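The values are calculated or read from the model by the stated rules, or taken from the named source; none is laboratory data. If you're wondering where the values come from, they're calculated on a predicted model, not measured in any experiment. Note: ideal-geometry Cβ built from the backbone for every residue, glycine included; neighbour counts use all protein chains shown. Quick note on the areas: whole protein, heavy atoms, side chains included, nothing else; ligands and nucleic acids left out. Shrake-Rupley method; radii C 1.70, N 1.55, O 1.52, S 1.80 Å.
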Amino acid sequence: MTIDTSIVEEGQELAKPSQAPMTGAVAASRGPGRKRGKPRKFLFLRNSKAIAGMVILAFFFLIAIIGPWIAPYDPSARSDDILQPPSWEHWFGTTHLGQDVFSQIVVGTRGVIVVGFVAGILATAIGVIIGVTAGYVGGLGDESLSVLANVFLVIPQLPLIIIIAGQLPSVGGVTVAVVIAITGWAWGARVLRAQTLSLRKRDFVEAARANGERTWRIITAEILPNLTAIIASGFVGTVAFAVLSLITLSFIGIGNTGEWNWGTVLYQAQSQLALQRGAWWWFVPAGLCIALLGMSLTLINFGIDEFVNPRLRSTGLNAKSLRKRGIRPRIGFTPVVREAEENRA
């Protein structure tokens, strides 16, 4: 198999920062818009996976904001249209009480988004505080915080959430978000601790410490900026876990069933034997919304991964040119060099 060495050299050059302006001949060979002297901006927004994920997520955010105003019916209002399939009057059909399923889905989007992001913000904040503190301080403080994180890691999160939520007198959306945040911070804290241990001995941190910088200044200005991508990735994963936990709690009947969300719709459909009755429209839309929201968060996470990893970043930005040269870029793998076209025959 013959490997075009210019392809490998070009991939290596893309990963290196530019040292000097390109000559006219080299710049012309690169084509228009490929000057090395200017830094690339908004690389994350040029990732197709991240864009697709953010578009879907923005759609659900919009529905969460305007949902109660655009819902055609009161989601709890009863009518004589019992178990009607989708129609122009009821886009997602009706329930056994004549309630409009489309209105329940639209109104329930707000509860899912609010709980997911409130839990994600709280859990990420706790994980950053504990993980970065443990990694930077070291010693007895590191050991104590590590033991605390390990305790929460070995305890099954979903059963713990069910037990805590079941013992509370009233379980609303914010309460569920706080419970999920308290039980879901440990994994992110462990990852941040490991990265902080690696960063605290770097030259730029040692230089800041030698210059007499305060500890909080070193953490906020030197360490946290280098952890931004990891924090963002952990936040997205925590939001996905929080959404699934809320839906699970609602599906098994824990929480306030009077507050509509997608899990409440599934709970009503399951308790009234919608599958046995053939009322597929009662549970399929909620399941599709859960899948779409999970897919959007996963795509954003993939985009963050490709933005952080230099090899994946250079591959994604030059996917078209690589395919023309016989390189097939694959997600999560090193690009595979195929045989040269002239040698295939």
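Pairs meeting the criteria (first residue in the range 66-83 and over 15 Å from VAL265 (Cβ atoms) and surrounded by fewer than 14 Cβ atoms within 10 Å (Cβ to Cβ), second residue modelled with pLDDT of 85 or more and of a type in the set (Val, Ile, Thr), beta carbons under 7 Å, at least 6 apart or on different chains) are ILE70/VAL106; ILE82/THR94. Going by what's in this entry, would ALA165 be described as open to solvent by less than 60 Å² (accessible area, probe 1.4 Å), closer than 26 Å to ARG217 by Cβ and part of a helix (DSSP H, G or I)? No; evaluated as a whole, the condition is false for this residue. Has the range 116-131 got any residue that is outside any loop (DSSP other than H, G, I, E, B) and either within 30 Å of LEU273 (Cα to Cα) or in contact with a strand residue (DSSP E or B) (Cβ under 8 Å, 6 or more places away or on another chain) (or both)? Yes.
THR215 satisfies every condition listed in (1) closer than 28 Å to ALA119 by Cα; (2) surrounded by fewer than 18 Cβ atoms within 10 Å (Cβ to Cβ) except (1). Quick check: anything in the range 113-135 in contact with a helix residue (DSSP H, G or I) (Cβ under 6 Å, 6 or more places away or on another chain), more than 30 Å from ALA229 (Cα to Cα), touching a residue at least 40 places away in the same chain (Cβ under 8 Å) and crowded, with 17+ Cβ neighbours inside 10 Å? Checking the range 113-135: not a single residue is in contact with a helix residue (DSSP H, G or I) (Cβ under 6 Å, 6 or more places away or on another chain), more than 30 Å from ALA229 (Cα to Cα), touching a residue at least 40 places away in the same chain (Cβ under 8 Å) and crowded, with 17+ Cβ neighbours inside 10 Å. Given the structure, is LEU246 modelled with pLDDT of 90 or more and surrounded by 24 or more Cβ atoms within 10 Å (Cβ to Cβ)? So LEU246 does not fit the description; no.
Quick one: in the range 198-212, which of the residues that are part of a helix (DSSP H, G or I) and small (Gly, Ala, Ser) is most open to solvent (accessible area, probe 1.4 Å)? Filtering the range 198-212 for residues that are part of a helix (DSSP H, G or I) and small (Gly, Ala, Ser), the one most open to solvent (accessible area, probe 1.4 Å) comes out as ALA210. List the pairs whose first member sits in the range 45-59 and is among the polar types (S, T, N, Q), whose second member is modelled with pLDDT under 85 and open to solvent by 60 Å² or more (accessible area, probe 1.4 Å), and whose Cβ atoms are under 8 Å apart, counting only residues at least 6 apart or on separate chains? Cβ pairs passing all conditions: ASN47/PHE307.
For the range 241-267, the set of residues classified as over 14 Å from CYS289 (Cβ atoms) and among the aliphatic types (A, V, I, L, M) consists of ALA242, LEU249, ILE252, ILE254, listed by residue number.
When we screen ILE126, ILE155, ILE161 for residues that are within 17 Å of LEU244 (Cβ to Cβ), β-branched (Val, Ile, Thr) and within 25 Å of the chain's Cα centre (by Cα), the only hit is ILE161.
If you go through the range 260-272 one residue at a time, do you hit one that is exposed (fewer than 15 other Cβ atoms within 10 Å of the Cβ), of a type in the set (S, T, N, Q), part of a helix (DSSP H, G or I) and at pLDDT 85 or above? There is at least one residue in the range 260-272 that is exposed (fewer than 15 other Cβ atoms within 10 Å of the Cβ), of a type in the set (S, T, N, Q), part of a helix (DSSP H, G or I) and at pLDDT 85 or above. In the range 171-196, the qualifying residues are those that are closer than 17 Å to PHE251 by Cα and outside any helix (DSSP H, G or I), and the one that is modelled with the highest pLDDT is GLY172. Only a single criterion out of (1) assigned to a helix (DSSP H, G or I); (2) at pLDDT below 90; (3) closer than 24 Å to PHE283 by Cα is not satisfied by VAL106, namely (2).
Residue selection: LEU160 fails the criterion of being open to solvent by less than 60 Å² (accessible area, probe 1.4 Å) and touching a Gly at 6+ places or on another chain (Cβ under 9 Å).
Among residues of the range 293-306 that are among the acidic types (Asp, Glu), those with a beta-carbon under 6 Å from a residue that is surrounded by fewer than 23 Cβ atoms within 10 Å (Cβ to Cβ) at least six positions away or on a different chain give the pairs GLU306/LEU312; GLU306/ARG313; GLU306/GLY316.
Let's see how each residue does on (1) open to solvent by 50 Å² or more (accessible area, probe 1.4 Å); (2) without any contact (Cβ under 8 Å) to a residue 40 or more places away in the chain:
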{"residue": "PRO225", "(1), (2)": "yes, yes"}
{"residue": "ILE231", "(1), (2)": "no, no"}
{"residue": "VAL236", "(1), (2)": "no, no"}
{"residue": "ILE252", "(1), (2)": "yes, no"}
{"residue": "TRP282", "(1), (2)": "no, no"}
